[in-house]
Every structure is written in C-alpha cells, then in structure tokens.
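Working notes for the structure below.
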Amino acid sequence: MFERFMSLSPAGRRVVISVALFAIMFVDVLLPKCDFTVGLFLVSGLGGIWAMGLMRPILLFLFFVVRAVLRYKAID
C-alpha cells in the first residue's frame, strides 16, 4: 500500500493526505470534547490546510494584517 501511495504524483499524495486529515477532523467533531480531541481537531485542520497548499498564503495574509495593525496602533 505504501508503494502505491509513493507512486502517486506529488499532487495526488497531497490530496490523499488532505482527505485523510479532514476525515479525522470531521470524525473528531462527533467525539466528546476534551483537551485531546480539541488538539486533534486543531492539528488535523492545520495539516489539511498545509496539505492543500493554503498555509503559506494564509500566513502571508496574517503577517500583513498584523503589520498593518501594529502600524496603525503605533500612529495613535
């Protein structure tokens, strides 16, 4: 099974990883709320966003927002 996974294209591997992480995240919603399940939800969500390739644009956007807020606050 691992050989079949590694024979996929890089984009295909990312899709499989992303689907698996989001499946874990949605199953985690059905579990009782505790520190472990909240942490698992966070890690699965961030991993899914990373696997889709959205982590870098999100982090860049947040960087620019924080920089703009700090500049606005420094002017006051």
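The values are calculated or read from the model by the stated rules, or taken from the named source; none is laboratory data. Bear in mind that the values here come from a model prediction, so they are computed numbers and not experimental data. Please note: Cβ atoms are built from the backbone with ideal geometry, for glycine as well, and neighbour counts cover all protein chains shown. For the accessible areas, the whole protein counts, side chains as well, though only heavy atoms, and no ligand, DNA or RNA atoms are used. Shrake-Rupley method; radii C 1.70, N 1.55, O 1.52, S 1.80 Å.
Residue by residue, here is whether (1) touching a residue at least 24 places away in the same chain (Cβ under 8 Å); (2) on the phi < 0 side of the Ramachandran plot; (3) in contact with a Phe, Trp or Tyr (Cβ under 9 Å, 6 or more places away or on another chain); (4) of a type in the set (A, V, I, L, M) holds:
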position: 3; (1), (2), (3), (4): no, yes, no, no
position: 7; (1), (2), (3), (4): no, yes, no, no
position: 10; (1), (2), (3), (4): no, yes, no, no
position: 25; (1), (2), (3), (4): no, yes, yes, yes
position: 42; (1), (2), (3), (4): no, yes, no, yes
position: 48; (1), (2), (3), (4): yes, yes, yes, no
position: 53; (1), (2), (3), (4): yes, no, no, no
position: 65; (1), (2), (3), (4): no, yes, no, yes
position: 74; (1), (2), (3), (4): no, yes, no, yes
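Out of the residues in the range 30-39 that are open to solvent by less than 90 Å² (accessible area, probe 1.4 Å) and part of a helix (DSSP H, G or I), state the one that is farthest from residue 60 (Cα to Cα). First the steps, then the outcome.
Going residue by residue through the range 30-39, those that are open to solvent by less than 90 Å² (accessible area, probe 1.4 Å) are 31, 34, 37-39.
Those still in the list that are part of a helix (DSSP H, G or I) too: 37-39.
Details: 37: 28, 38: 25, 39: 24 Å.
Per the criteria, the residue is 37.
Return the only residue of 46, 42, 70, 59 being more than 26 Å from residue 10 (Cβ to Cβ), in a helix (DSSP H, G or I) and open to solvent by 80 Å² or more (accessible area, probe 1.4 Å).
Step by step, each of 46, 42, 70, 59 is checked, and only 70 is more than 26 Å from residue 10 (Cβ to Cβ), in a helix (DSSP H, G or I) and open to solvent by 80 Å² or more (accessible area, probe 1.4 Å).
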